[in-house]
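Okay, so here's the structure we're looking at.
All of the numbers you see were taken from the coordinates with simple rules; none came from a lab. Worth saying up front: this structure is predicted, and the values here are computed from it rather than measured. Cβ atoms come from the backbone with ideal geometry, glycine included; neighbour counts cover every protein chain shown.
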């Protein structure tokens, strides 16, 4: 039985696992705002890294606004395959996840975005 639990845990770690406690569908279609695209460019963050963090990251509720109206916002954090510590801010909207912005934690990038 113990090996089965370890196997199941390994599958969740190695692939995207939707937790039943997640307040939104992590597998919704990603829609990048103009601001998010600009920040991605300034901070050298790729769409693949955004997808990776949304799929496997942890929701940081202290940086989220789940009660915001009309659109709740969630901060998802994690490390990319290239070891960047990223925070992605998303707003769930039906079958979509609107990416509002993204940042690399602990790094200050010069940026021209408003």
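Filtering region 23-38 to residues that are over 15 Å from residue 76 (Cβ atoms), part of a helix (DSSP H, G or I) and touching a residue at least 40 places away in the same chain (Cβ under 8 Å) leaves 35, 38.
Taking region 78-88 only, how many residues are closer than 17 Å to residue 62 by Cβ, without any contact (Cβ under 8 Å) to a residue 40 or more places away in the chain and surrounded by 15 or more Cβ atoms within 10 Å (Cβ to Cβ)? Steps first, please.
Just the residues of region 78-88 that are closer than 17 Å to residue 62 by Cβ, to begin with: 78, 85-88.
Still in the list and also without any contact (Cβ under 8 Å) to a residue 40 or more places away in the chain: 78, 85, 87-88.
In the following step, the residues that additionally are surrounded by 15 or more Cβ atoms within 10 Å (Cβ to Cβ) were identified as 78, 87-88.
Qualifying residue count, region 78-88: 3.
In region 73-112, what count of residues is obtained for those that are in contact with a strand residue (DSSP E or B) (Cβ under 9 Å, 6 or more places away or on another chain) and over 15 Å from residue 28 (Cα atoms)?
Matching residues across region 73-112 total 17.
For region 43-75, name all the residues that are surrounded by 15 or more Cβ atoms within 10 Å (Cβ to Cβ) and within 20 Å of residue 113 (Cβ to Cβ). Selection gives 43, 45, 49, 50, 53, 73, 75. Within region 29-40, being in contact with a strand residue (DSSP E or B) (Cβ under 7 Å, 6 or more places away or on another chain) and over 11 Å from residue 90 (Cα atoms) holds for 29, 35, 39, 40.
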